[in-house]
Protein chains: 2
Amino acid sequence: MEPAKLRSDRVVLDTSLFVNPDIRHDFGNTPTEAIEGFLVLAGQIPELEFYMPTSIFAELMNFVEKEKIPGRLLRILRQKSPRKHELTCPAFLLYELIEDIRERVNKGMRVAEKAVRSVGKSEEKEVIQSMRKNFREALREGIIDSKEDVDLILLAKELDALLVTADQGAIKWAEKMGVRWLMPEKFKDYLLSFI
Amino acid sequence: MEPAKLRSDRVVLDTSLFVNPDIRHDFGNTPTEAIEGFLVLAGQIPELEFYMPTSIFAELMNFVEKEKIPGRLLRILRQKSPRKHELTCPAFLLYELIEDIRERVNKGMRVAEKAVRSVGKSEEKEVIQSMRKNFREALREGIIDSKEDVDLILLAKELDALLVTADQGAIKWAEKMGVRWLMPEKFKDYLLSFI
């Protein structure tokens, strides 16, 4: 008796897999090497289709030596935007997003007030630099805050795919929308299990 | 021949109609009188069903003399939350909301930077007060920024109703979602046209 054929599946990839130094070492020492390392494994797994939103792919290209990227990347890692004008999302998510934003706006205001109060204790330039950093962190951490994040979630939803990302905001929304997700640290083991 | 019977319609009301002094004078001098004035007209129009989201109704109750509110308000102005777990919204709205937020976060940051730079020129307490005001304006103006706003839009969508609001954020989203809307200034004329 032949072994049961594995059902094919789809996977949506974030850039962190290739860009984040803590994660990409599974596949290579530089983003360009990590892509090559991924392609070597992915090319041996006909059961899996790999996708990346066009916007995320464009981000990834900023990190690589483009002339060293093999042509088969374009075949194996399919670039596709979600059907954003056809997809819908449950309306209660609007409430959660808006509640999230309100909390963050309040946090941002407290950061700004602290900065105003610390003028005089340190140099104005330093106060502003540190405020910018704290402000961004307060407003953006753990929230879906970019079109690219929405692309990831919606594409994974549209394709009923496994989303591979380390972005906490994207993971939170994957959970809300019933999208499967995997930590990038586990992705190499996941791939090897098919080979 | 009898005149053609008017098709019945539904109307969703925001508080501004009764609370905003520039608008409510069409119906009465105080919020409580404005409600009475509205009921006198609304009670003569069997073709229209009036609704208000529960959350908005609770807000309205903060502005009125509760003991003077007639019981028929509860019959004529129906309180109802939208079916937020059944309704969906087009996914491209998520992109617009997130883009909107990013712009506002950047604006908020500029407000905060300006405040830090102005310390020393005026009193710290004044700097913070004026920053709070500018910050709120920068982040909230013209955006859907509360659960109550979402309630208004979704209830109007669910009921295929006419939304009567002066809130610019709600109007902007009504436009995006194909929800009919009317400026509160025109609402009395609208009602009188039925009588």
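Throughout, read-outs are computed from the coordinates displayed, never taken from laboratory work. A quick note: this is a predicted structure, and the numbers were derived from the prediction, not measured. Using ideal geometry, Cβ is built from the backbone for each residue, glycine included, and neighbour counts are taken over all protein chains shown.
What percent does the relative contact order of segment A:91-140 come to when contacts are Cα pairs within less than 8 Å and at least six residues apart? Intermediate values should be presented prior to the final figure.
Numbers: 21 pairs, mean separation 24.9, N = 50.
Relative contact order for segment A:91-140 comes out at 50 percent.
If packing is taken as the average count of other Cβ atoms within 10 Å, what order do B:116-122, A:156-162 fall into, highest mean first?
A:156-162, B:116-122
Compute the angle between helix B:92-118 and the longest alpha-carbon principal axis of chain B, please, reported from 0 to 90 degrees and rounded to the nearest 10.
Roughly 40 degrees, rounded to the nearest 10.
Per-residue mean of other chain beta-carbon atoms within 10 angstrom of the beta-carbon, peptide A:148-156?
Taking all residues of A:148-156 together, the mean is 2.
Between B:Glu126 and B:Arg110, what length in nm is gained on full extension when 0.36 nm per residue of separation is reduced by their alpha carbon distance?
Here the answer is 4.0 nm.
What shape does the protein assembly as shown have by the C-alpha gyration tensor, where a ≥ b ≥ c are the square roots of the eigenvalues, rounded means a/c under 1.5, and otherwise prolate means a/b greater than b/c and oblate the rest?
Because a/c hits 1.5 or more and a/b fails to exceed b/c, the protein assembly as shown counts as oblate.
Just to be sure I understand: of the beta bridges DSSP finds with both ends in the protein assembly as shown, what percent are antiparallel, rounded to 5?
Working: 3 of 29 bridges.
Looking only at bridges with both residues in the protein assembly as shown, the antiparallel portion is about 10 percent.
So what is the 222 nm mean residue ellipticity for the protein assembly as shown from helices alone, if each DSSP H run of at least 4 adds -39500 (n - 2.57) and you divide by all residues, rounding to the nearest 500 deg cm²/dmol?
-16500 deg cm²/dmol
Measure nothing but the geometry: give the 0 to 90° angle between the long axis through the Cα atoms of B:168-177 and the longest principal axis through the Cα atoms of chain B, rounded to 10°.
Value to nearest ten degrees: 70.
With only Lys, Arg, Asp and Glu charged, each at its Cβ (+1 for the first two, -1 for the last two), find how big the charge dipole of chain B is about the Cα centre; round to the nearest 20 debye.
380
Would you mind putting B:63-69, A:49-55 in packing order, based on average other-beta-carbon counts within 10 Å, highest first?
A:49-55, B:63-69
Please tell me the relative contact order of chain B in percent, rounded to the nearest whole number, where contacts are Cα pairs under 8 Å and at least six residues apart.
The normalised contact order for chain B reaches 27 percent.
If each of B:Gln168 and A:Leu87 carries a label point 7 Å out from its Cα toward its Cβ, how far apart are those two points in nm?
Distance between the two pseudo-spin positions: 3.1 nm.
Calculate the dipole size of the protein assembly as shown relative to its Cα centre from +1 charges on Lys and Arg beta carbons and -1 charges on Asp and Glu beta carbons; express the result in debye to the nearest 20.
Using only the charged Cβ atoms, the result is roughly 280 debye.
List the distances, in nm to one decimal, from the label point of A:Pro46 to the label points of the same position in every other copy, shortest first, placing each label point 7 Å from Cα along the Cα-to-Cβ direction.
7.2
Simple spin-label model, 7 Å along Cα-to-Cβ: B:Asp160 to B:Arg72 in nm?
In this crude spin-label approximation the distance works out to 2.9 nm.
Can you list the distances in nanometres, one decimal and ascending, from the B:Phe194 label point to the identical position in each other copy, with the point 7 Å along Cα to Cβ?
So the label point of B:Phe194 gives 6.0 nm to the other copies.
What nm distances, shortest first, do you get from the label point of B:Glu124 to those in the other copies when the point sits 7 angstrom along Cα to Cβ?
1.7
Positive end of the charge dipole of segment A:84-195 (Lys, Arg +1 and Asp, Glu -1 on Cβ, about the Cα centre): tell me which of A:Ala112, A:Leu154, A:His85 has its Cα farthest that way.
Among A:Ala112, A:Leu154, A:His85, the one farthest towards the positive end of the dipole of segment A:84-195 is A:Ala112.
Evaluate peptide B:79-92: per residue, the Cβ atoms of other protein chains within 10 Å of its Cβ; return the mean as an integer.
5
Just counting partner chain Cβ atoms within 10 Å, what average do the residues of peptide A:98-108 show around their Cβ? Provide the component values of the computation, followed by the final result.
Working: counts 10, 3, 1, 12, 5, 0, 4, 10, 0, 0, 7.
Partner-chain Cβ atoms within 10 Å, mean over residues of A:98-108: 5.
Say each of B:Arg180 and A:Arg7 gets a label point 7 Å from the Cα, pointing the same way as Cα to Cβ; how far apart are those two points in nm?
Those two pseudo-labels are separated by 4.6 nm.
Calculate, for A:Asp22 and A:Ser193, the FRET efficiency according to 1/(1 + (r/R0)^6) with r their C-beta to C-beta distance and R0 25 Å; round to the nearest 0.05.
Efficiency, rounded to the nearest 0.05: 0.70.
Using a/c under 1.5 as the rounded threshold, could you call segment A:91-140 rounded, prolate or oblate? The axes a ≥ b ≥ c are square roots of the C-alpha gyration tensor eigenvalues, and prolate needs a/b larger than b/c, oblate otherwise. Before the final figure, lay out each step's value.
Details: a/c = 6.76, a/b = 3.14, b/c = 2.15.
Verdict is prolate for segment A:91-140.
In Å, the Kirkwood hydrodynamic radius of chain B over pairs of distinct alpha carbons?
Hydrodynamic radius (Kirkwood, Cα only) of chain B equals 18.8 Å.
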